[in-house]
Amino acid sequence: MRIVPITLPTPFYIGPVNVYLIAEDPITLIDTGPKTKEAAAALREGLRRAGFLTADIQRIVLTHAHEDHCGLAKSLRDEAKNAEVLVHDWETGHRIGRLEHEEHRTLLSRAGVSDDEIVAMRRVYEGVRRYGDSFAEHEYNALEDNAELEFESGALKVIHTPGHTPGSCSFVREADRTVIAGDCVLKRVTPNPVLSPDPIDPSKRFHSLAEYLVSLARLRTFAPTLVHGGHGDCINDFEELFNRYVRAIQQRQAEVIGLLPETGATAWDVARALFPDTDDVHRFLAVSEAVAHLDLAHSEGKIELELSGAKEVYRKLGA
Ligand SMILES: [Zn+2]
Ligand SMILES: [Zn+2]
């Protein structure tokens, strides 16, 4: 199976994004890059070098629906005369009229974020939306866990790997244990578990970090020899990365618990203490990170959580 990585520029802090062409029938593109002129041109050039045109794409598969990965999907689908688009049902970023705003607002204010701050965060995200086009319900199909994406010379197995987002998926070629992992596995940074409503019960938070650890362990069962991530170089030593991630998560958890004052604190207080200098878009990621670690520590019985008015306050045990 010929897997061709193509690296595209993004306007985001994370830097370039990797998309993957599976250069055999049906010609498939895994992720697309953001909707910018620069990314579209780089993609066209990458495809051309591999001997293809955008019109040749028959299938577009999305690891997840963040704009840097899914932004060009709609225009590619139109250009490739209705190539099939596949994305997990638990993703929402690509949907028209994604009405989770209210759910997000509730989650953020429960985490102690002020109304003014929520308005500012939302404004930043509305700016990000222009780097992707939305899909109507009938324009994409659902990726199912354990399904096989068939190709001429074999298959890629779909592995639902929630954590970074609820509907993140990875793709495993069992023949040589190659994995395409989107933002689930990145060479240099531990991926952000982004604050999201639970897809099954949106009034609750998705337990992103606990889910993420399960996803990592699941990928580990395939004993990957090569992992293609959504950003940065590929990974040849998954085991080293796995252990490094687990250590980083444990360290961050200890740090987060250490930041809790006797009187308790909201996730927002903890985020501000962890990342005092963050601005705009990164404040949402900062509070996401704090919530993820506090939730995991709470579910492991290491801290207490109680409701104070409409806010959740975390406390050290016995404080
Ligand atoms: Zn992402
Ligand atoms: Zn990404």
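The values are calculated or read from the model by the stated rules, or taken from the named source; none is laboratory data. Here the structure is a predicted model, which is why all the values come from computation and not from measurement. Because the Cβ atoms are built from the backbone with ideal geometry, glycine has one as well, and the counts that use them run over all protein chains shown. Side chains are part of the model used for accessible areas, which takes the heavy atoms of the whole protein and leaves out ligands, DNA and RNA. Shrake-Rupley method; radii C 1.70, N 1.55, O 1.52, S 1.80 Å.
The table below gives the values:
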| read-out | value |
| --- | --- |
| Residue within segment 34-42 that is closer than 18 Å to Gly229 by Cβ, assigned to a helix (DSSP H, G or I) and within 16 Å of ligand 1 (Cβ to nearest atom) present | yes |
| Residue match in segment 257-267 (condition: within 16 Å of ligand 2 (Cβ to nearest atom) and crowded, with 17+ Cβ neighbours inside 10 Å) | no |
| Evaluation of His64 against (1) open to solvent by less than 10 Å² (accessible area, probe 1.4 Å); (2) at pLDDT below 95; (3) outside any helix (DSSP H, G or I) (one fails), failing number | (2) |
| Number of the exception - Pro34 against (1) open to solvent by less than 70 Å² (accessible area, probe 1.4 Å); (2) within 27 Å of Asp176 (Cα to Cα); (3) in contact (Cβ under 8 Å) with a residue 40 or more places away in the chain; (4) not aromatic (Phe, Trp, Tyr) | (2) |
| Where a residue in segment 67-90 is under 13 Å from Ala136 (Cβ atoms) and within 16 Å of ligand 1 (Cβ to nearest atom) and its partner, wherever it lies, is open to solvent by less than 10 Å² (accessible area, probe 1.4 Å) and aromatic (Phe, Trp, Tyr), with Cβ under 8 Å and at least six apart | Ala73/Phe135 |
| Single match in Glu91, Glu126 (criterion: under 24 Å from Ser215 (Cα atoms) and not in a strand (DSSP E or B)) | Glu91 |
| Pairs with Cβ under 6 Å, 6+ apart, first in segment 107-132 and under 24 Å from Gly71 (Cβ atoms) and in contact (Cβ under 8 Å) with a residue 24 or more places away in the chain, second open to solvent by 40 Å² or more (accessible area, probe 1.4 Å) and of a type in the set (Asp, Glu) | Val124/Asp280 |
| Matching residues, segment 134-191, being open to solvent by less than 20 Å² (accessible area, probe 1.4 Å), closer than 21 Å to Pro34 by Cβ and aliphatic (A, V, I, L, M) | Leu143, Ile180, Ala181, Val185, Leu186 |
| Some residue of segment 221-239 being buried (at least 21 other Cβ atoms within 10 Å of the Cβ), in a helix (DSSP H, G or I) and touching a helix residue (DSSP H, G or I) at 6+ places or on another chain (Cβ under 8 Å) | yes |
| Restricting segment 1-31 to residues that are open to solvent by less than 30 Å² (accessible area, probe 1.4 Å), outside any strand (DSSP E or B) and out of contact with any Asp or Glu (no Cβ under 8 Å at 6 or more places or on another chain), the residue that is nearest to ligand 1 (Cβ to nearest atom) | Asp31 |
| Options Gly167, Gly112, Gly132: the member that is at pLDDT 95 or above, within 16 Å of ligand 2 (Cβ to nearest atom) and either touching an Asp or Glu at 6+ places or on another chain (Cβ under 8 Å) or of a type in the set (S, T, N, Q) (or both) | Gly167 |
